[in-house]
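Here's the structure, in structure tokens; my notes come after.
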Amino acid sequence: MSINFGDGITHPLIAAVDGDGKILTSIERIQHLFKNGYQIEALTAQMQLVEALCLHYLVARRNIDNQEFDQDIAKLMQKRQLTMGRVKNLLIRNNAFHDPALEPVLEEYVEMRNELSHKLFSRILVVDLERCFALGMQLTISIQNYMQRVIEKYKKVQDKTHIR
């Protein structure tokens, strides 16, 4: 799975696609599901999208913005040990957010995500699905905006360095 960023008009704003370019889910589909009463389904898809975005964000902060981390991210990725919890901890422990206001949002979102993923049906829990969805949307849009700026910056650098 990879993440594609679009304009929100001709292409989905954010989409998860497979190796053939087929859209697996998009932020628009997730919003549609949630709005039409399929909250667990929407949140499950959102969790996957947010997790992928956070991983892309972590890598961009390291590779593009030269953010330093206290662990070797490439090694963790290679060993497939970068869970959502580890990504969250790396971002928080290393003060790696482009916007510090995202830290408490990510912390609360991951806590709610874990409750939904691991404990919702094994215990009688009341989880505020609206709040969880709103936090996920806030993270998604903020990271998407950051990634769009990174992509534009990278395109400008490539345009300037392209030999004609």
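The values are calculated or read from the model by the stated rules, or taken from the named source; none is laboratory data. Note that the structure is predicted; figures quoted are calculated from it, not measured. Every residue, glycine as well, gets a Cβ built from its backbone with ideal geometry; the counts of neighbours run over all protein chains shown. Please note that ligands, DNA and RNA were not included when accessible areas were found on the heavy atoms of the full protein model with its side chains. Shrake-Rupley method; radii C 1.70, N 1.55, O 1.52, S 1.80 Å.
Quick notes on this structure:
- Screening ASP18 with (1) in contact with a helix residue (DSSP H, G or I) (Cβ under 9 Å, 6 or more places away or on another chain); (2) touching a residue at least 12 places away in the same chain (Cβ under 8 Å); (3) open to solvent by 20 Å² or more (accessible area, probe 1.4 Å) gives one miss only, at (1).
- Options VAL87, VAL105; residue that is modelled with pLDDT of 95 or more, crowded, with 17+ Cβ neighbours inside 10 Å, in contact with a helix residue (DSSP H, G or I) (Cβ under 6 Å, 6 or more places away or on another chain) and part of a helix (DSSP H, G or I): VAL105
- Residue check, ILE92 assigned to a helix (DSSP H, G or I), of a type in the set (A, V, I, L, M, F, W, C) and farther than 24 Å from GLY8 by Cα: yes
- Selection status of LYS119, without any contact (Cβ under 8 Å) to a residue 12 or more places away in the chain, on the phi < 0 side of the Ramachandran plot and loosely packed, with under 15 Cβ neighbours inside 10 Å: yes
- Note on segment 61-84: residues that are under 22 Å from MET47 (Cα atoms), surrounded by 12 or more Cβ atoms within 10 Å (Cβ to Cβ) and not charged (D, E, K, R) total 6.
- Flag for GLU28 being over 21 Å from SER117 (Cα atoms), open to solvent by 40 Å² or more (accessible area, probe 1.4 Å) and outside any loop (DSSP other than H, G, I, E, B): yes
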